[in-house]
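The values are calculated or read from the model by the stated rules, or taken from the named source; none is laboratory data. Computed from a prediction, not measured in an experiment: that's the story for all the values here. Please note: Cβ atoms are built from the backbone with ideal geometry, for glycine as well, and neighbour counts cover all protein chains shown. With ligands, DNA and RNA removed, areas are computed over all heavy atoms of the protein, side chains included. Shrake-Rupley method; radii C 1.70, N 1.55, O 1.52, S 1.80 Å.
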Amino acid sequence: EAGVAQSPRYKIIEKRQSVAFWCNPISGHATLYWYQQILGQGPKLLIQFQNNGVVDDSQLPKDRFSAERLKGVDSTLKIQPAKLEDSAVYLCASSLDPTQTQYFGPGTRLLVL
Amino acid sequence: GENVEQHPSTLSVQEGDSAVIKCTYSDSASNYFPWYKQELGKGPQLIIDIRSNVGEKKDQRIAVTLNKTAKHFSLHITETQPEDSAVYFCAAMTTDSWGKLQFGAGTQVVVTP
């Protein structure tokens, strides 16, 4: 069974630029999560989708971050404009449903200069 | 909301010895407690989890114990090997959080030959 796929793996941008990350969850997983992991910390949930609907986006900085999962499968996370403090690893995870195990992708490492 | 504290932040053990990592949580409604292992440059990987109707769970060299009264849970690794070196994260989920995991800050485990 293929795992969670993410791209790109690395991205370097300058502050005020925009960036987008892509995630393809495990086939059949209805729930998709985006986490932000700052160096030396545990992952922090940014947004959670159930199929193509948002379940929780309380921790998403909505003035600059946006995410969508239009067809209930793939998802994109966008930052516009980026700030220095957005430098982190952005992890995508998926699960069959919200009560089941979450499986993580390899992450996208973002550096904002 | 839920708050998870994890100790120690770093742990150095000799190969063959045991390692123990402890986490405490604040919300008595938490009922799911996974442990993830994260190697450098990779996403977190689930190694074991426990639900609140069970006090202990074991999988080969790895075990997790849960004390609901004291609101803490622990990861035990026996007969440590160099490949156990990684960052370990505990997490907790409440019954009404609909899939939202609250992670601890992580423990860097180094197993020396």
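If you filter segment B:25-105 for GluC sites (Glu not before Pro), then keep DSSP loop positions with at most 14 other Cβ within 10 Å, what is left?
Loop-located and lightly packed - B:Glu39, B:Glu79.
At q = 0.10, 0.22 Å⁻¹, what log₁₀ I(q)/I(0) does chain A have when each alpha carbon counts as one equal point scatterer in the Debye sum?
Normalising to I(0) and taking log10 leaves -0.25, -1.23.
Please give me the summed charge of the neighbours of A:Arg9: other residues whose Cβ is under 12 Å from its Cβ, Lys and Arg +1, Asp and Glu -1.
Combined, the nearby Lys, Arg, Asp and Glu give +3.
Please sort by residue number the GluC sites (Glu not before Pro) in segment A:6-113 whose DSSP state is loop and whose Cβ has at most 14 other Cβ atoms within 10 Å.
When the GluC sites (Glu not before Pro) of segment A:6-113 are filtered for loop state and at most 14 Cβ neighbours within 10 Å, A:Glu14 remain.
What range in chain A is the longest one free of trypsin sites (Lys or Arg not before Pro) that are in a loop by DSSP and have at most 13 other Cβ atoms within 10 angstrom?
The longest such stretch corresponds to A:17-61.
What's the magnitude of the charge dipole for segment B:11-113 around its Cα centre, counting Lys and Arg as +1 and Asp and Glu as -1 at the beta-carbon? Answer in Debye, nearest 20. Walk me through the numbers on the way to the answer.
Details: 10 positive and 11 negative charges, 73 e Å.
Its charge dipole is roughly 360 debye.
In vacuum, with every alpha carbon of segment B:21-113 counted as one equal point scatterer, what does the Debye formula give for log10 I(q)/I(0) at q = 0.18 Å⁻¹? Two decimals, please.
Ignoring solvent entirely, the Cα scatterers give -0.79.
If you take the accessible area of B alone plus A alone and subtract the pair, what total do you get in square angstrom, rounded to 100, with a 1.4 Å probe?
Details: alone 6360 and 6270 Å², together 11050 Å².
Chains B and A together bury roughly 1600 Å² of accessible area.
For A:Lys83, give me every one of the aspartates and glutamates with a C-alpha distance below 19 angstrom, ignoring sequence neighbours fewer than eight places off in its own chain.
Of all the aspartates and glutamates, those that pass the test against A:Lys83 - Cα under 19 Å, at least 8 places apart if same chain - are A:Glu14, A:Asp63.
Give me the net charge of A:Ile47's neighbourhood, meaning all other residues with Cβ under 12 Å from the Cβ of A:Ile47; Lys, Arg count +1, Asp, Glu -1. Please report the intermediate quantities before stating the final value.
On the way: positive: A:Lys44, A:Lys62, A:Arg69, A:Lys78, B:Lys100; negative: A:Asp56, A:Asp57, A:Glu68.
Counting the neighbours of A:Ile47, the net charge comes to +2.
Counting Lys and Arg as +1 and Asp and Glu as -1, what is the net charge of the other residues whose Cβ lies under 10 Å from the Cβ of B:Leu66?
Details: positive: B:Arg51, B:Lys57, B:Lys68, B:Lys71; negative: B:Glu56.
So the environment of B:Leu66 carries a net charge of +3.
Which whole-number value in Å² is the accessible area per residue of segment A:41-92, probe 1.4 Å?
48
Quick one: compute the contact order of segment A:37-85, relative version, from alpha carbon pairs under 8 angstrom and 6+ residues apart, as a percent.
Relative contact order comes out at 26 percent.
Whenever you get a sec, compute what percent of the accessible area on chain A sits on carbon and sulfur atoms (1.4 Å probe).
Working: 2830 of 5500 Å².
Here carbon and sulfur together make up 52 percent of the probe-accessible area.
Need one number: % antiparallel among DSSP beta bridges in chain B, to the nearest 5.
On the way: 37 of 42 bridges.
Here the share of antiparallel DSSP bridges comes out near 90 percent.
Over 19 Å between Cα atoms: which of A:Lys15/A:Lys78; B:Lys37/B:Lys68; B:Lys22/B:Lys71 fall into that group?
With Cα atoms farther than 19 Å apart: B:Lys37/B:Lys68.
Going by Cα centres, segment B:24-71 and segment A:40-113 are how many Å apart?
When both Cα centres are located, 23 Å separates them.
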